[in-house]
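> Here it is: the structure, laid out below.
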Amino acid sequence: MPKLRGEAFWRETLRSAHYVVAPMVDQSELAWRLLSRRHGAQLCYTPMLHAQVFLRDANYRRENLYGEACPEDRPLIVQFCANDPEVFVQAAMLAQDYCDAIDLNLGCPQMIAKRGHYGAFLQEEWDLLQRMILLANEKLSVPITCKIRVFPEIDKTVKYAQMLEKAGCQLLTVHGRTKEQKGPLAGVASWEHIQAVRKAVSIPVFANGNIQCLSDVEECIRKTGVHGVMSAEGNLHNPALFEGRNPLVWEMAEEYLEIVQKYPCPLSYVRAHLFKLWHHTLQVYQQLREELAKVKTLEGIADVNRELKLRCQEEIANQKEGEKPKEGLPFFHWICQPYIRPGPKERCKENGISGTEKGVRGKRALEDEEDRNSELLSKNKQKKKLRNPNKSFDPSLKPKYAKCDQCGNPKGNKCVFNMCRGCCKKRAFKETADCPGHGLLFKTKYEKSLLWQSSQRESHTPAISWRGEADVGETTLTEGGC
């Protein structure tokens with residue numbers, strides 16, 4: 001059967017999908033995809049997979065794709081990050097029988113993508129991208145799609161999209177933000193860029209960005225003319241987004257936990273999902289946040305969900321007539337709803353920093369203050385705090401170390417040269433000296449080797465003399481015998 005392309009692929013294979021769940025690392029796993037499909041999602045992507053790891057590691061393939069066969073989970077697109085045409089295509093060939101298309105990630109803006117040289121950090125390497133897509137289009141039995149971020153300039157974004165289409169891309173997802181727009185600097189996605197791309201290419205286009213509710217989806221399709229709309233953050237906070245509903249948070253959690261029982265996933269994924277679902281409620285019940293962070297089993301998470309449900313129901317029972325949601329929320333905190341990420345100015349105000357200071361630097365400074373709310377601590381520090389409540393992150397309380405005379409690293413307390421181990425080793429070797437503090441015994445070992453050599457010479461000399469005499473005697477006897 002010939003491979004479907006463009007509009008035919010979207011219409012027949014993807015069943016004219018309008019509502020799409022984005023590829024999300026550690027978040028769009030099978031259980032979450034099934035929950036989303038139950039509540040209106042028509043197409044889902046796997047989490048981003050590393051092509052090189054997928055190619056070489058059978059366990060990685062089994063954990064992320066092969067062990068998750070489920071007829072309900074179609075249509076499905078598998079997303080890879082890669083920067084080598086051969087590796088990308090070989091990995092895709094191992095995945096093509098388990099999905100309806102292969103997607104190349106050209107949109108990830110995170111630092112890990114910069115270090116690994118993939119995602120949005122390939123968007124300037126058009127020759128490489130052409131080779132990757134041309135080869136995939138030629139070799140794969142399923143269509144190749146791409147997910148991109150925009151350039152600041154609309155014209156360059158349009159040329160970028162046209163280049164990908166010409167190389168063989170059969171569907172394009174356009175995230176209307178640049179690679180610099182992320183975290184507190186995310187800002188608003190540009191539907192203008194997406195509209196320009198939609199008009200410039202003949203393949204189907206999905207829009208991504210600014211999607212918090214169903215009305216956003218409808219408005220985006222109307223303004224940009226795209227075939228479908230993809231949601232990531234909005235879907236995580238309300239998996240019923242595409243149904244146009246705002247269910248109770250514990251109901252969604254209960255349903256998700258039931259699916260996880262049937263299709264298990266790492267507990268860290270489950271915990272992360274519930275932190276998103278319960279985001280607004282956990283601002284009210286801080287103790288439940290700590291319990292969710294500490295719990296070690298699925299049953300324990302279900303217990304936390306029941307406790308959250310009881311507290312919310314009690315709050316609902318005591319609610320006064322005409323009472324409105326607090327903190328400017330559109331709904332009460334126990335209802336699934338979007339989370340609006342604060343911008344840099346709002347974040348500065350939250351952290352008590354003046355607008356003239358750098359937001360990021362100010363936040364880091366606050367993280368080191370012991371008396372601040374634990375939310376300001378990084379995840380790793382919060383975990384350490386849970387294991388040891390007396391742990392302090394105040395830099396003034398950290399022990400002061402004497403510095404190495406050579407390089408400035410902490411020196412060994414008992415080093416005879418007042419150096420760190422690396423510098424001490426170099427000097428001790430050069431000078432044939434000992435440093436008991438670092439366990440370096442070059443002088444001692446050298447002296448022992450001289451003694452051993454001396455003893456060997458003394459014991460070896462007479463043996464040679466005796467052997468020589470014996471040899472002569474043996475030779476004489478042999479000659480005499482002849």
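> Pulled fully out, how much extra length does the chain show between GLN283 and ASN380, if you take 0.36 nm times their separation in residues and subtract their Cα-Cα distance?
32.9 nm
> Assigning unit charges at the beta carbon (Lys, Arg +1; Asp, Glu -1) and nothing else, what dipole magnitude in debye, to the nearest 20, does segment 70-229 show about its Cα centre?
It comes to approximately 380 debye.
> Got a sec to turn the phi values of segment 11-19 into Karplus ³J(HN,Hα) couplings, 6.51 cos²θ - 1.76 cosθ + 1.60 with θ = phi - 60°, whole Hz, x for Gly and Pro?
Running phi through 6.51 cos²θ - 1.76 cosθ + 1.60 with θ = phi - 60° gives 6, 8, 6, 8, 6, 6, 5, 9, 10 Hz.
> Let me ask something else about it. With the cut-off at 1.5 for a/c, could you classify segment 144-232 from its C-alpha gyration tensor as rounded, prolate or oblate?
Cα axes put segment 144-232 in the oblate bin.
> Rounded, prolate or oblate, given the Cα gyration tensor of segment 120-172, with a/c below 1.5 counting as rounded?
It is prolate, given that a/c is not under 1.5 and a/b is the larger ratio.
> For a label point 7 Å from the Cα of ARG271 along Cα→C-beta, name the residues of segment 287-310 whose backbone N is under 19 Å from it.
Counting backbone N atoms under 19 Å from the label point, the list is 287-308.
> Here's a follow-up. My understanding is that a pair violates if its Cα-Cα distance is over 31 Å; which of LYS262/LYS324; LYS147/LYS223; LYS179/LYS309; LYS296/LYS391 do that in this structure?
Beyond 31 Å between Cα atoms: LYS262/LYS324; LYS179/LYS309.
> Please list, in chain and number order, the residues 5+ apart from GLY176 or on another chain whose amide H is under 5 Å from its amide H, with Hs placed from the backbone.
SER190, ASN208
> Still on this structure, please answer the following. Return the lysines within reach of LYS445: Cα separation strictly under 30 angstrom, same-chain partners fewer than 8 residues apart disregarded; answer none if there are no such residues.
Output for LYS445: LYS403, LYS411, LYS414, LYS425, LYS426, LYS430.
> How big is the chain by the Kirkwood estimate over distinct Cα pairs, in Å?
About 27.2 Å for the chain.
> I need the calculated FRET efficiency for the pair PHE429 and ALA317, taking r as the beta carbon distance and R₀ as 60 Å, to the nearest 0.05.
0.20
> If I take R0 = 22 Å and measure r between the Cβ atoms of TYR339 and PHE393 in this structure, what FRET efficiency does the formula 1/(1 + (r/R0)^6) give, to the nearest 0.05?
Plugging the Cβ-Cβ distance into 1/(1 + (r/R0)^6) gives 0.25.
> May I pose another question? So for each of 422-429, 207-214, 180-187 I average, over its residues, the number of other beta carbons within 10 Å; can you give me the resulting order with the highest mean first?
207-214, 422-429, 180-187
> How high is the relative contact order of the chain, in percent, counting Cα pairs under 8 Å that sit 6 or more residues apart?
Averaging sequence separation for qualifying contacts and normalising by length gives 10 percent for the chain.
> ASP97 versus GLN130, label points 7 Å from Cα toward the beta carbon: distance in nm?
My value for the distance between the label points is 3.5 nm.
> Might you report the magnitude of the Cβ-based charge dipole of segment 184-267 about its Cα centre, with Lys and Arg at +1 and Asp and Glu at -1, to the nearest 20 debye?
460 debye
> Follow-up question, since we're still on this one. Any idea of the accessible area per residue across segment 247-332, 1.4 Å probe, to the nearest Å²?
Per-residue accessible area for segment 247-332 comes out at 57 Å².
> Using amide H atoms built 1.01 Å from N in the peptide plane, name the residues 5+ places from LEU171, or on other chains, whose amide H lies under 5 Å from its own.
Counting only residues 5 or more places away or on other chains, the set is CYS146.
> A further question on this structure: How large is the dipole of the chain about the Cα centre if only Lys and Arg carry +1 and Asp and Glu carry -1, each at its Cβ, rounded to the nearest 20 debye?
Charge dipole, the chain, about its Cα centre: 1400 debye, nearest 20.
> How large is ³J(HN,Hα), in whole Hz, for each residue of segment 86-97 in order, when computed from phi with the Karplus curve 6.51 cos²θ - 1.76 cosθ + 1.60 and θ = phi - 60°, using x for Gly and Pro?
Rounded to whole hertz, the list is 5, 4, 4, 5, 5, 5, 4, 5, 6, 9, 4, 6.
> At 7 Å along Cα-to-Cβ for each site, give me the label-to-label distance between GLU218 and TYR66 in nm.
Between GLU218 and TYR66, the label points sit 4.6 nm apart.
> What FRET efficiency comes out for the pair SER454/VAL416, r = Cβ-Cβ distance, R0 = 22 Å, nearest 0.05?
Working from the Cβ atoms, E equals 0.20.
> Explain nothing, just compute: Karplus ³J(HN,Hα) = 6.51 cos²θ - 1.76 cosθ + 1.60, θ = phi - 60°, for every residue of segment 126-131 in order, whole Hz, x for Gly and Pro.
Listing the rounded values in order: 5, 4, 4, 5, 4, 5 Hz.
The values are calculated or read from the model by the stated rules, or taken from the named source; none is laboratory data. These numbers come from a predicted model, not from an experiment. Note: ideal-geometry Cβ built from the backbone for every residue, glycine included; neighbour counts use all protein chains shown. Ligands, DNA and RNA are stripped out before the accessible areas are found, and what is left, the full protein with its side chains, is counted by its heavy atoms. Shrake-Rupley method; radii C 1.70, N 1.55, O 1.52, S 1.80 Å.
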